[in-house]
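Encoded as structure tokens, the structure appears first; notes follow it.
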Amino acid sequence: MTGPSAGGTTLTLVRGDITAQHVDAIVNAANSSLLGGGGVDGAIHRKGGGAILAECRALRASRYGRGLPTGQAVATTAGRLDARWVIHTVGPVHSADEDRSALLSSCYRESLRVAQELGATSVAFPAISTGVYGWPMDDGARIAVRTVRGAALTTLTDVRFVLFDEDAYRRFETALAAGG
Ligand code: ADP
């Protein structure tokens, strides 16, 4: 499913595995250690190979000694993935007591900023925080679509959300149709 966005950037929904995308930048739903995990993170490191982890370790040894803070984003090589960069971002763990949606929104915005700093024209996002971090898919989809639609896009002409299953795809479809 494709829908137009502001400024000539196309927002697309893809059903599938994000590691199979051919784009300039693949966004990783990382954890703050940057040293790998399950879900999207595990798949990216498995398929992308050790070069990604080596750069993540170097980031931990330099700029991010205490880990990458929630809501921020940083790029590494994409290793053997069919992409130029992986942009690692740390989503918030969902909380019933505290509204952390600004942090989730920040993940999308910061990833777009890093992608455009690198000159990327295409980027693929997973549904950040909706796996192990427990964010409800409807709300995660709404925040994702709204944030990308509201972002200042310069180099990017192709922004994709890659959804692992039919349910996630449908919920993103609803968010896109609702205008974010
Ligand atoms: P988080 O820790 O931010 O919740 P996860 O990786 O656990 O991140 O999950 C984020 C979302 O990505 C979930 O909806 C999950 O179903 C989905 N997902 C898991 N593996 C992949 C994959 N290979 N490609 C695309 N989406 C995936």
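The values are calculated or read from the model by the stated rules, or taken from the named source; none is laboratory data. Keep in mind that this is a model prediction, so the values were computed, not measured. Positions of Cβ are backbone-derived with ideal geometry, glycine not excepted, and every protein chain shown enters the neighbour counts. We work out accessible area using only protein heavy atoms, side chains counted, and drop any ligands, DNA or RNA first. Shrake-Rupley method; radii C 1.70, N 1.55, O 1.52, S 1.80 Å.
Any residue at all in the range 110-121 that is more than 9 Å from the ligand (Cβ to nearest atom), under 22 Å from residue 176 (Cβ atoms), in contact with a helix residue (DSSP H, G or I) (Cβ under 6 Å, 6 or more places away or on another chain) and not small (Gly, Ala, Ser)?
no
Output the residues belonging to the range 135-164 that are among the charged types (D, E, K, R) and closer than 23 Å to residue 90 by Cβ.
Hits for the range 135-164 are 138, 139, 142, 146, 149, 160.
Taking the range 141-166, which residues are in a helix (DSSP H, G or I), among the aliphatic types (A, V, I, L, M) and within 14 Å of the ligand (Cβ to nearest atom)?
Of everything in the range 141-166, those that are in a helix (DSSP H, G or I), among the aliphatic types (A, V, I, L, M) and within 14 Å of the ligand (Cβ to nearest atom) turn out to be 141, 143, 144.
Take the range 84-99 and flag every residue that is more than 12 Å from the ligand (Cβ to nearest atom) and open to solvent by 20 Å² or more (accessible area, probe 1.4 Å).
84, 85, 95, 96, 97, 98, 99 - these are the residues of the range 84-99 that are more than 12 Å from the ligand (Cβ to nearest atom) and open to solvent by 20 Å² or more (accessible area, probe 1.4 Å).
Quick one: count up the residues across the range 3-20 that are modelled with pLDDT of 95 or more and either surrounded by fewer than 20 Cβ atoms within 10 Å (Cβ to Cβ) or at positive phi (or both).
Of the residues in that region, 6 qualify.
Residue 169: aromatic (Phe, Trp, Tyr), out of contact with any His (no Cβ under 9 Å at 6 or more places or on another chain) and either in a loop (DSSP other than H, G, I, E, B) or open to solvent by 10 Å² or more (accessible area, probe 1.4 Å) (or both), yes or no?
Judged against the criteria, residue 169 is a match.
Looking at the range 33-62, I want the residues that are crowded, with 16+ Cβ neighbours inside 10 Å and have a partner that is modelled with pLDDT under 95 with Cβ atoms under 8 Å, at least 6 apart or on another chain. Which pairs are those?
Filtered contacts from the range 33-62: 45/36; 53/36; 56/36.
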